[in-house]
1. How large is ³J(HN,Hα) for each residue in the stretch 101-112, as worked out from phi by the Karplus curve 6.51 cos²θ - 1.76 cosθ + 1.60 (θ = phi - 60°), to whole Hz, x for Gly and Pro?
2. By how many nm would the segment from F320 to K225 lengthen if fully extended, with 0.36 nm per residue of separation less the alpha-carbon distance?
3. Can you tell me which of 416-427, 193-204, 243-254 comes out highest on packing, and rank the rest after it, using the mean Cβ neighbours within 10 Å?
4. Just subtract the alpha-carbon distance of Q469 and D117 from 0.36 nm times their residue separation and send over the number in nm, one decimal.
5. Between R450 and D516, what is the label-to-label distance in nm when each label sits 7 Å out along the Cα-to-Cβ direction?
6. Please compare each pair in K333/K357; K424/K445; K316/K445; K218/K333; K357/K434 to a cut-off of 29 Å on the Cα-Cα distance and tell me which ones are over it.
7. Label-point separation (nm) for A238 and R191, each offset 7 Å from Cα along Cα-to-Cβ?
8. According to the square roots a ≥ b ≥ c of the eigenvalues of the Cα gyration tensor, what is the shape class of the stretch 303-461, taking rounded for a/c under 1.5, prolate for a/b larger than b/c otherwise, and oblate for the remainder?
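Derivation of every value follows stated rules applied to the coordinates shown; laboratory data play no part. Remember, it's a predicted structure, so these values are computed and weren't measured experimentally. Methodologically, a virtual Cβ is constructed for each residue, glycine included, from the backbone with ideal geometry; neighbour enumeration extends over all protein chains shown.
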Amino acid sequence: MRRQRAICLFCRHTLNSQSRNASVSTPFAARRWLAQSSEPYILSRLVIDLDAVDNEQVQKFEDMPKEEQENQLGLTPPAQRIPSETKIEPPAQEAVLPLRAIRPEPPDLLSYALLGDPVLSMEPQKNTPRNINLQQLFKSRMIQPQDTLEEKIIQLTLGFTTNPLERLEAAGFTSMKKKKIIMHDLSLNNRFPVLRRLIGRLSTTTEGCELLLQRNSKAIINGIKACRTWSHGHEYRAKVTSAMVLDMLNSFTLNVASRNLKIGSDLCLTALYYASKANNIPSVIRYLEMSREISCDWNHPAAVAALVSLQHNFVKELPFSYSWMAWKDDAFKRREIAKLITGWSLGDRPDKAVARKLSFAFNATPNLSAAPFTLYTRYILGLGEMGFHHGLWSEWQSHLEIARETTTPLFGSYLFAMAMVLAKEPERAQDILKVFSALATTEQKGEAHRFLSRLIQAHYEFHHLIPSQSILNCLNGGMPGDPAKAVLWLEKLLCVDYPKFVPITDLVVNFGTLEDRAGLLVMPSHGHNPIYFKPTGERTTPEEL
C-alpha cells in the first residue's frame, strides 16, 4: 500500500493529539505509550482503508478550506485567542438597595453636596438635625466612611428620580388621591397663608377651578373657619380678619369668572357674609348681584349672618374697609348701607314712585315660622335696631294681609311690636298688639311667647350681652296679655338706645338700681362700673336717618 506525504502528516498529527489527550486524562497511559518498550503504533482497519489513495472519501489536506485546516490542526483564530495573562472577571452586578433603605429627598442631596459627610459629635446637644438625618440615611444605605466620593453619590442617588411627576407619585400625590388630599389640606389646614396660596394656585387653571367648585367649596369654607378660630385662640398669631378673607375670595371669584365658571351658592353667601362683616360696600353689591344668577337659600345661616353683620355695622357706626371718595361724608355712607338692607331709594322708608332695588329685603320672604332666625325675621328686627320706624310701619301694613291668612298671626304682631319698641315707637307697638291679641287662643299665645323670648335673646346677642338669671326668669314668666302692659314689659327688657362705642367684653345685662332708680343695667362680669342704664318707664324720642 502506497502512502502519500500528506496522508502521513495527517496521521502523525492524529497520533500526537491522541497521546496528548491521554497524558492529560490518564498519566499512566501516557507513560506507557512513551516508554521505549512500547509496541509500534498500528493503525486500525478503518484508518488503513481511509489512507488508500483510491478511496473517494479521502480528501487531500491542501484541498481543504483554510478554516477547516486550522480546525483540523487545533489552531484558534487570533481574534478568538485569550491571552494567558488576561484575567476573566465575572459580569458586574447591579447595585441593590437594602430592604429598609431610606428614600433620599432633594434637601438631603443638596445638604450633602454643600456640607459633605455628616459628622456626629460625642456630645448629643451639638448634633444638629441635619447630621442626624444624614447619618441615618448613610446607615440605611450601607455607606461606609472609606468609600470614595463616586461610590457615595451612586449609593445616595440610587432610586432617586428627577421626574417631577414621579416625585409626586412617590410622595403619594397620585391622580386617585389628588382630590382627597386637596380636600384634606383645605378643610383641616389652620394656617391662613397656606390656605390662601393653595386656593390661589389651584384657581390659576380651569381644572383647578372646577375641582374647587364641584367638590371642595365646603372644604374652603371649613378651612376659613379653622384659620380664623385658630388665629383668634392664640395671642402670638396674627389675627385673620374679615378683610383678609374677603381679599382671598375676591381673587378666587375673579379667577373663576375669567374661565366662564360660576361659584356655588354656599361660597357666594360666605363671600357675602365676609363682605358685610368687613363693611365693604362694593363687594356686598357685587355678591348680591352674583346671587341673582345662582339659586340661593336666603334662610341659610351665612345669608342671615351677612344681614346681621351689615345691620351691626350701621348701628355701631363701624369704619369701612373700602376707600371712599373724600367728598362722601358719613351720612352718605350710612345711606348706602341702608339701601343695601332695605332696597329703598330713601334708605329708611319706601318711595312709592321707585320700586325696591336689589337688597337683602328683596330676597326676604315674608313668611314667619317657629324659627326666629330667618332672613325676614332678622330684617324686621334689624329695622327696629336701626331706628327705621317709617319703614317698619310700611312693612307692617304689607304684612297685615299675609298674617290674617296664617295660623300663627301672633308671631308677626309680636315681632313688629318688639321692633317698634326698639325704634322708640311704643304707641305703634301697642296698636300692633291690639290687632290679633283678642283672637288668639291660649296655645297660640304660648307658642308666640316662646318665639318672642328667642327674639329678645337674639337682641342681647346683637349687642354682645349675656342675660342674667333674673332676666331669663322674667322671660319665662311670659308677656302680659294686655297690649299696654305688654309694651311696658318689652320696654323693661329691651336695651333701647344702647351706646354705639362699647368694647366687646363679658357684659351682663341685669335688673338693678343706680342712684336710687330701678331699671335695666349693663355691667362687666368682673367690674362695678355700669356701661348702660335705662330707668324703668323712661322713653326717648326716635331719630331720623
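1. Values per residue, Gly and Pro as x: 6, 7, 6, x, 9, x, x, 5, 5, 5, 5, 5 Hz.
2. Values: separation 95, 0.36 × 95 = 34.20 nm, distance 2.25 nm.
That works out to 32.0 nm of additional length.
3. Details: 416-427: 23.5, 193-204: 16.3, 243-254: 19.2.
Result, highest mean Cβ count within 10 Å first: 416-427, 243-254, 193-204.
4. 119.6 nm
5. Those two pseudo-labels are separated by 4.5 nm.
6. K316/K445; K218/K333; K357/K434
7. Distance between the two pseudo-spin positions: 1.3 nm.
8. On the way: a/c = 2.17, a/b = 1.83, b/c = 1.19.
It comes out prolate by the Cα gyration axes.
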